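Undergrad: Below is a structure I'd like to ask you about.
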Amino acid sequence: MNNETRERLESYAVGALTAAAFVGFAGNIIYDYTVNRNRKFFFRPLSMKEDSEIRGQFFRADVAEDALPWAEKTELTSEHVTAFDGVSLHGYYFRQKKQSDLWLVALHGYAGMASEMFPVAKEFYAEGFNVLLPECRGSGKSGGDSFGLGWLDRYDLLKWTYRILELNPDAKIVYYGVSTGAAAALMAAGEEIPSNVRCIIADSAYSNLVDLANYHFTKNSIPWFPLNFAGSLVTKIRAGYSYRDASCINSVARSSTPILFIHGGKDAMVPLDMVTQLYNAASSVKDILVIPEAAHAYGMYVAPEQYWKKVADFINRFVDTERDNWGFVPRVSEQLNKFLGIQRN
């Protein structure tokens, strides 16, 4: 081997090592920022609330404060199940005192916990639903060192579903998810789920993780390549899935479960065009609701009457609730009018 060839090979080796070092360094930073449970930062902007109507911001706080006393007074059961990979998963049941085959499984969003879904649980419980609030892996009292961002959570959701069927074989189940919780529900729909799951309400889900990561890189004036590749590779190594794996679009294209897609027109976390992509890709019965003034996961607070009527009408198409009218629509209206009255005074 002559000196010129040796120098060329050494140059290639240095270049390869430099590229590998960059991918490893950058990929681990991205992983720690977005997927690692023990991260110091949040993926979402802290200014999220500023993107929504003032009414939505404060009504959200008002509803949450009202739901906490209800949760404290209502009997709940804490339970753990073991995920497919051995992770301990935690969740809460709100069971009806009288026998009911109606079940709601409500999934919180990114880096959240079950208590965030108390306002939803409160309304459905009043309508005769048993309510299960799982805490996604890496969140709350569930185990796991990383967030599943919906992809790993899809199998966890199926685990909880089969647990419900052990308790109630005739269960009629509605999946309701917000943000990455909605993504988990949509991704589960792409698997072989029991026919007991009658429909899915997906609020503010992303279409696929590759495009979502590219959107946030571009939004923050960061070149997405090769950072997208680096983050995906390290996530695959450390968490067991890549950005390409996590695709709601691929899942809904295989689904036969009816889906209601909901999104906010001012969503700065998950761009509005993603809900259009999901709706167009879905192969099942489907419907869509876009609330123009809502930021990410704020639709139920910005336009609560419109939001909950749409949800109730959709569920009525696929779940025999033995009722034509849902009480939470007038309850939300009364609560909103009370709140607006306080604001005017």
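The values are calculated or read from the model by the stated rules, or taken from the named source; none is laboratory data. Note that this is a predicted model, so its numbers are computed, not measured. Cβ sites come from the backbone with ideal geometry, for glycine too, and all protein chains shown count toward neighbours.
Undergrad: From the list LEU165, LEU209, LEU132, pick out the single residue that is within 16 Å of LEU89 (Cα to Cα), touching a residue at least 12 places away in the same chain (Cβ under 8 Å) and among the aliphatic types (A, V, I, L, M).
TA: Details: LEU165 fails: within 16 Å of LEU89 (Cα to Cα); LEU209 fails: within 16 Å of LEU89 (Cα to Cα).
Matching residue, one of LEU165, LEU209, LEU132: LEU132.
Undergrad: Does the stretch 317-330 include one or more residues that are modelled with pLDDT of 95 or more, in the same structural domain as ILE262 (by TED's automatic domain parsing) and crowded, with 22+ Cβ neighbours inside 10 Å?
TA: no
Undergrad: Answer with yes or no whether VAL290 is within 27 Å of ASP267 (Cα to Cα) and either touching a Ser or Thr at 6+ places or on another chain (Cβ under 6 Å) or modelled with pLDDT of 95 or more (or both). Spell out the reasoning first.
TA: Details: within 27 Å of ASP267 (Cα to Cα): yes; either touching a Ser or Thr at 6+ places or on another chain (Cβ under 6 Å) or modelled with pLDDT of 95 or more (or both): yes.
In short, yes.
Undergrad: If you take the residues in the stretch 295-317 that are closer than 16 Å to ALA182 by Cα and among the hydroxyl-bearing types (Ser, Thr, Tyr), which one is nearest to the chain's Cα centre (by Cα)?
TA: TYR298
Undergrad: Could you list all residues from the stretch 281-305 that are surrounded by fewer than 22 Cβ atoms within 10 Å (Cβ to Cβ), over 23 Å from ARG198 (Cβ atoms) and not β-branched (Val, Ile, Thr)? Give the steps one after another, and end with the answer.
TA: Let us first name the residues in the stretch 281-305 that are surrounded by fewer than 22 Cβ atoms within 10 Å (Cβ to Cβ), namely 281, 283-290, 292-293, 305.
Applying the additional criterion that residues be over 23 Å from ARG198 (Cβ atoms) yields 290, 292-293, 305.
Those that are surrounded by fewer than 22 Cβ atoms within 10 Å (Cβ to Cβ), over 23 Å from ARG198 (Cβ atoms) and not β-branched (Val, Ile, Thr): PRO292, GLU293, GLU305.
Undergrad: Applying the selection to the stretch 99-115, what residues are touching a residue at least 40 places away in the same chain (Cβ under 8 Å), buried (at least 21 other Cβ atoms within 10 Å of the Cβ) and either in a strand (DSSP E or B) or of a type outside the set (Ser, Thr, Tyr) (or both)?
TA: LEU102, TRP103, LEU104, VAL105, ALA106, LEU107, HIS108, GLY109
Undergrad: List every residue pair whose Cβ atoms lie under 6 Å apart, where the two residues are 6 or more positions apart in sequence or sit on different chains, the first residue falls within the stretch 66-90 and is in the same structural domain as GLY140 (by TED's automatic domain parsing), and the second residue, located anywhere, is β-branched (Val, Ile, Thr).
TA: LEU89/VAL81
Undergrad: Okay, next question. Filter the stretch 75-98 down to the residues that are modelled with pLDDT of 95 or more and of a type in the set (Val, Ile, Thr), then identify the one that is surrounded by the most Cβ atoms within 10 Å (Cβ to Cβ).
TA: Among those that are modelled with pLDDT of 95 or more and of a type in the set (Val, Ile, Thr), it is VAL87.
Undergrad: Kindly provide the set of residues from the stretch 29-73 that are of a type outside the set (Asp, Glu), modelled with pLDDT under 75 and assigned to a helix (DSSP H, G or I), ordered by number.
TA: The first filter runs over the stretch 29-73 and keeps only residues of a type outside the set (Asp, Glu), leaving 29-31, 33-49, 52, 54-61, 63-64, 67-71, 73.
Add one more test, that the residue is modelled with pLDDT under 75, and what stays is 39-49, 52, 54-59.
The answer is MET48, LYS49, ILE54, ARG55, GLY56, GLN57, PHE58, PHE59.
Undergrad: Also, quick follow-up: Out of all the residues in the stretch 197-245, which are under 22 Å from TYR279 (Cβ atoms) and of a type in the set (A, V, I, L, M)?
TA: The answer is VAL197, ILE200, ILE201, ALA202, ALA205, LEU209, VAL210, LEU212, ALA213.
Undergrad: While we're looking at this one, here's another question. Suppose we keep only residues that are assigned to a helix (DSSP H, G or I) and touching an Asp or Glu at 6+ places or on another chain (Cβ under 8 Å) within the stretch 153-180. Which one would you say is farthest from LEU107 (Cα to Cα)?
TA: First, the residues of the stretch 153-180 that are assigned to a helix (DSSP H, G or I): 153-167, 180.
Then keep just the ones that are touching an Asp or Glu at 6+ places or on another chain (Cβ under 8 Å); that gives 154-155, 158, 163, 180.
Numbers: ARG154: 11, TYR155: 13, LEU158: 12, ARG163: 16, THR180: 8 Å.
Once the filter is applied, the top-ranked residue is ARG163.
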